[in-house]
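What follows draws every value from the coordinates through simple rules; no lab data is involved. All values derive from a computational prediction rather than experimental measurement. Backbone-built Cβ (ideal geometry, glycine too); neighbour counts: all protein chains shown.
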Amino acid sequence: MRHIQAQSGQSLADLDIARLREEVLQHRVLVLRGFAALDSQEYIDCASGWGEILRWNFGEILNVRVDPQATNYLFTCGNVPHHWDGAFAAQVPFLQLFQCLESPGPGSGGETVFCDTVRLWKQASEEQRQRWSGVRVHYQTDKLAHYGGSICAPLVARHPLTGETTLRFAEPPDEETAPLNPLSLEVEGAALPELLQELRPLLYSDDYCYNHCWQPGDYVIADNHALLHARRPFREAASRHLQRIHIL
């Protein structure tokens with residue numbers, strides 16, 4: 001993770017985006033703090049400087065906040081299990097751009113967990129690497145939001161820009177996940193209970209994870225090809241509103 005604090009009078013437009021894209025490849029996560037908030041069109045215009053925006057059926061910006069009528073656990077105050085964005089899309093985006101408009105506050109939960117799977121792979125044993133390389137996972141979930149369907153993906157993959165080895169895994173829900181749009185998994189090359197028992201502690205280990213506690217005004221840019229990400233649950237009464245844009 002790399003943290004960049006705004007200098008006096010500095011705006012996002014003053015940043016060297018070409019250099020920052022290279023830093024994302026190196027550090028996986030960039031946290032920009034102290035910059036002025038952007039309205040939706042300004043945010044889209046700024047994001048377009050990072051590359052081609054992935055347009056979903058709702059448009060360019062996903063508003064991640066609690067919705068009492070939610071049919072998808074993304075829009076609840078429960079946890080969100082580890083996953084990578086775009087798994088069910090035609091193209092997997094390279095970057096996630098987040099703008100925080102409201103946050104639960106310190107000690108209220110709602111942190112985003114970013115797991116560096118490149119580092120995890122590099123520190124894995126040869127036995128683990130051989131075992132994981134033979135695993136393929138079939139995922140299925142109903143399309144109740146902007147994603148859904150059925151896919152099959154190898155656990156071990158390559159970063160399309162750096163060639164580094166990564167892990168691609170969508171974790172099934174647990175007891176802290178709202179019981180909506182359950183994700184079902186079928187595994188080839190391993191037994192699911194044993195795979196979860198091995199992977200889950202690693203995916204949340206401080207050795208590989210950065211836990212971002214949001215503050216209003218934060219901008220976070222993350223490498224979706226190298227990382228898996230999850231969300232910790234937060235207090236139901238707490239406000240949490242992130243805006244996310246994907247860059248291909």
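Table for the structure above
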{"item": "Rounded tilt (10° steps) of 192-203 against the dominant C-alpha axis of the chain", "result": "30 degrees"}
{"item": "Counted charge near Ser11, where neighbours are those whose Cβ lies closer than 14 Å (Asp, Glu -1; Lys, Arg +1)", "result": "-4"}
{"item": "Most mobile of Leu97, Leu167, Leu38 in a GNM of the chain (Cα contacts under 10 Å)", "result": "Leu38"}
{"item": "FRET efficiency estimate (nearest 0.05) - Cβ-Cβ, Glu52 to Arg119, R0 35 angstrom", "result": "0.80"}
{"item": "Region 2-247 - percent relative contact order, Cα under 8 Å, separation 6 or more", "result": "38 percent"}
{"item": "Region 112-214: trypsin sites (Lys or Arg not before Pro) in DSSP coil with no more than 14 other Cβ atoms inside 10 Å", "result": "Lys143"}
{"item": "Net charge contributed by nearby residues that have their C-beta within less than 10 Å of Arg200 (K/R +1, D/E -1)", "result": "-3"}
{"item": "Local electrostatic count, Pro81, Cβ distance below 12 Å [Lys/Arg +1, Asp/Glu -1]", "result": "-1"}
{"item": "FRET E, pair Ala238, Asp207, Förster distance 45 Å, beta-carbon r, rounded to 0.05", "result": "0.95"}
{"item": "Value at 222 nm in deg cm²/dmol, rounded to 500, when DSSP H runs of n ≥ 4 in the chain each add -39,500 (n - 2.57)", "result": "-5500 deg cm²/dmol"}
{"item": "Label corresponding to volume of the Cα convex hull per residue in Å³ when calculated from the structure given, among (1) 135; (2) 125; (3) 183", "result": "(2)"}
{"item": "Sparse-neighbourhood loop sites, GluC sites (Glu not before Pro) in region 1-59 - DSSP loop, at most 14 other Cβ within 10 angstrom", "result": "Glu52"}
{"item": "Net length gained if the chain between Lys143 and Ala36 were fully extended (0.36 nm per residue, minus Cα distance)", "result": "35.0 nm"}
